[in-house]
Amino acid sequence: MSREHDAAAANGLAIALRAPVPSDRLQAALAAGTSPKTTYIEVLVDRCAVEPDFFVRDMLTWALVRHDPEVTVPRLMEELGSVFPQARSQALHTLSKTGDPRTWSAITLALLEDEEDQVARAAWRTAAGVVPEREASALAELLAKQFGRGDREVQLSLTRAFATIGEPSIEPVEQTAASETFEREARAHARATARILHDPELDFDEAMQEAQHALRHGD
C-alpha cells in the first residue's frame, strides 16, 4: 500500500507541476521539498528540464536538495548527458547546491566548453566548487581558454569561477593576460580577473574598463 501511495503522490506532483499558474507550480515544488519522497526525485528532475519560470526552477532545486543525495546526485549526474540545454544547466545548478564530491567526476570538458552559455556558466560554477585541490590548477588552465567569451554576464561568471578556485587560478590567469596569442578581449578579461584575484573587493566592470583601456593604449 505504501508503494502505491508514493506512486500516486508522485503522479499528483507531476500534475501539479504542470499547472498553468507559476505560483501554483511553486507551491507544488515547495510541498515536495517539505515532505520528501524518493518517488518525487524523477518528477522534479524531469520538470527542471522544461520549467520556464526562474523562481519555480529555483524551488525545484531546493526540493531536490532536500531529498536523499544517495539517490538524487546520481540521477542529476545522468541528466548532464541530456540533449536539452536547460536540463544540463539546471542539473549542474542543483549539483552545485549539494556540494557532493562525486559531482567532479561528471563534469566533462564538453560541459565546460558547452556551446550554450547557460550550460557552460553552470559548469564553471559547479566545477569550481567541487574541484579537488590536486586538480584545481588543471581546471584553471582549462577555464582560461574561455576568456573573452560571451557577454558581461558570461564573463562575470567565469571570473567568479576563478575567484572560487582561488590561488591555483593566479598563474593561468596571468599567463593569459600576458599572452599575445589571445584576442584583445580575452586578454582584457584575463587582466581584469587577475586584478580581482588580488583584490576581491574590486568592481568587475571597473576592472574590465581599466584593462580594456590599458590594452588599447599599449600598456
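The values are calculated or read from the model by the stated rules, or taken from the named source; none is laboratory data. Just so it is clear, the structure is predicted and the values come from calculations on it, not from any experiment. Quick reminder, even Gly has a Cβ in these numbers, built from the backbone with ideal geometry, and neighbours come from all protein chains shown. Heavy atoms of the whole protein, side chains included, go into the accessibility calculation; ligands, DNA and RNA do not. Shrake-Rupley method; radii C 1.70, N 1.55, O 1.52, S 1.80 Å.
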Three principal axis lengths of the chain [C-alpha, angstrom, descending]
73, 37, 31
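With charges set only on the Cβ (+1 for Lys and Arg, -1 for Asp and Glu), what does the dipole of the range 83-161 come to about its Cα centre, in debye to the nearest 20?
On the way: 10 positive and 11 negative charges, 42 e Å.
That gives a dipole near 200 debye.
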Where is the GNM fluctuation largest for the chain (alpha-carbon springs, 10 angstrom cutoff): ALA31, ALA136, ALA177?
ALA31
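Rounded, prolate or oblate, given the Cα gyration tensor of the range 140-214, with a/c below 1.5 counting as rounded? Numbers along the way, then the final one.
Values: a/c = 1.26, a/b = 1.03, b/c = 1.22.
Judged from the Cα gyration tensor, the range 140-214 comes out rounded (a/c under 1.5).
With only Lys, Arg, Asp and Glu charged, each at its Cβ (+1 for the first two, -1 for the last two), find how big the charge dipole of the chain is about the Cα centre; round to the nearest 20 debye. Let's see the in-between values first.
Numbers: 23 positive and 36 negative charges, 112 e Å.
That gives a dipole near 540 debye.
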May I ask you to give the percent of accessible area on the range 66-158 that is carbon plus sulfur, with a probe radius of 1.4 Å?
49
Spin-label pair ASP46/ASP6, simplified geometry with 7 Å Cα→Cβ offset, distance in nm:
1.7
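Using DSSP to call loops (not H, G, I, E or B), can you name the GluC sites (Glu not before Pro) in the range 36-126 whose Cβ has at most 11 other Cβ atoms within 10 angstrom? Let's see the in-between values first.
Values: sites: GLU42, GLU70, GLU78, GLU79, GLU113, GLU115, GLU116; in loops: GLU113, GLU115, GLU116.
In loop regions of the range 36-126 (DSSP not H, G, I, E or B), the sparsely surrounded GluC sites (Glu not before Pro) are GLU115.
State the extension gain, in nm to one decimal, for the chain segment bounded by HIS198 and GLU113, taking 0.36 nm per residue of separation less the distance between their alpha-carbons.
Numbers: separation 85, 0.36 × 85 = 30.60 nm, distance 2.61 nm.
Stretched out fully, the HIS198 to GLU113 stretch lengthens by 28.0 nm.
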Could you pull out which residues in the range 139-162 have an amide N less than 19 Å from a spot 7 Å beyond the Cα of GLU183, following the Cα-Cβ vector?
142-159
Per the rule of 0.36 nm per residue minus the C-alpha distance, extending THR164 to GLU78 adds in nm 28.4 nm
Specify the inter-centroid distance of the range 67-100 and the range 1-57, based on alpha-carbon positions, in whole Å.
16
If you count only protein heavy atoms with a 1.4 Å probe, what accessible area per residue comes out for the chain, rounded to a whole Å²?
52
Residue-wise, which Karplus ³J(HN,Hα) couplings in Hz belong to the range 184-197, taking 6.51 cos²θ - 1.76 cosθ + 1.60, θ = phi - 60°, and x for glycine or proline?
4, 4, 5, 5, 5, 4, 5, 4, 4, 5, 4, 5, 5, 4
